[in-house]
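Structure, as structure tokens:
The values are calculated or read from the model by the stated rules, or taken from the named source; none is laboratory data. All values derive from a computational prediction rather than experimental measurement. Cβ sites come from the backbone with ideal geometry, for glycine too, and all protein chains shown count toward neighbours.
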Amino acid sequence: MRKTRLVLPGLIVTVVVVLDLVTKSWALRTLSGGRSIEALGGLLPLNLTFNRGAAFGLTIGDDPRWFFIPVTIAAVAFLVLMIWQARPGEDGRTVAAALVLGGALGNLYDRVRWDTGVVDFIGPLDLGFMDWPIFNVADSAITCGAVLLAGSFLAEDLRNRRGAGEAGGEEPEPADPVRDA
């Protein structure tokens, strides 16, 4: 039973990692030397850059890679455990964790492979009031997964609060934001 519940997260992780690695390889070949592409009529600029820090270029010290590699490995272990221990009915949470896991593995590969940083190439995006920083497929998966994961925890908390208010009621069903959407 558990094996069948691991198929979808395994597929999601694989697709995210492969898509991330393929698009980064394309960006390295196509956008090197300062070349830029304006995709979708200029709505989606593609520019190669390397991010040695975390999201939004946040850095720690001169060589943050040695901070981020162990932190990412710990996060990967936590996400694998979360997926492994998922109960029936937590499919949304499992999908969310798989997205974050796939993105984390994609960016971890870059950090381990070279010290120039994570390959980013999508953006910056002009939002009208600010430029959204340059990112990659792994970053997108991490962001989407984190939002879904937060939603699943919030939904579970709300269900637990409702269930606690009902005397003698059944234990609340685990939250599943994908099913509940």
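Worth a mention:
- Pick from region 4-42, criterion under 23 Å from the mean Cα position of the chain (by Cα) and of a type in the set (Lys, Arg), ranking: farthest from residue 76 (Cα to Cα): 24
- Filter result (out of contact with any strand residue (DSSP E or B) (no Cβ under 7 Å at 6 or more places or on another chain), in contact (Cβ under 8 Å) with a residue 12 or more places away in the chain and more than 17 Å from residue 54 (Cβ to Cβ)) within region 102-125: 102
- Exclusive hit being within 29 Å of residue 47 (Cβ to Cβ), at pLDDT 95 or above and over 15 Å from the mean Cα position of the chain (by Cα), set 129, 121: 121
- Scan of region 38-49 for residues that are of a type in the set (A, V, I, L, M, F, W, C) and either touching a Gly at 6+ places or on another chain (Cβ under 7 Å) or at pLDDT 95 or above (or both), ordered by number: 46, 48
- When region 115-152 is filtered for residues that are part of a strand (DSSP E or B) and over 13 Å from residue 27 (Cβ atoms), the ones remaining, listed by number, are 125, 126, 131, 132.
- Residue in region 54-75 that is surrounded by 19 or more Cβ atoms within 10 Å (Cβ to Cβ), hydrophobic (A, V, I, L, M, F, W, C), farther than 17 Å from residue 20 by Cβ and in contact with a helix residue (DSSP H, G or I) (Cβ under 6 Å, 6 or more places away or on another chain) present: no
- Residue match in region 55-67 (condition: in a helix (DSSP H, G or I) and hydroxyl-bearing (Ser, Thr, Tyr)): no
- Within region 18-38, if we keep just the residues that are charged (D, E, K, R) and part of a helix (DSSP H, G or I), the residue that is surrounded by the fewest Cβ atoms within 10 Å (Cβ to Cβ) turns out to be 29.
- Just one of the listed residues (92, 123, 41) is within 20 Å of residue 143 (Cβ to Cβ) and surrounded by fewer than 20 Cβ atoms within 10 Å (Cβ to Cβ), and it is 123.
- Among the residues of region 84-108, those identified as more than 14 Å from the chain's Cα centre (by Cα) and part of a helix (DSSP H, G or I) are 84, 91, 92.
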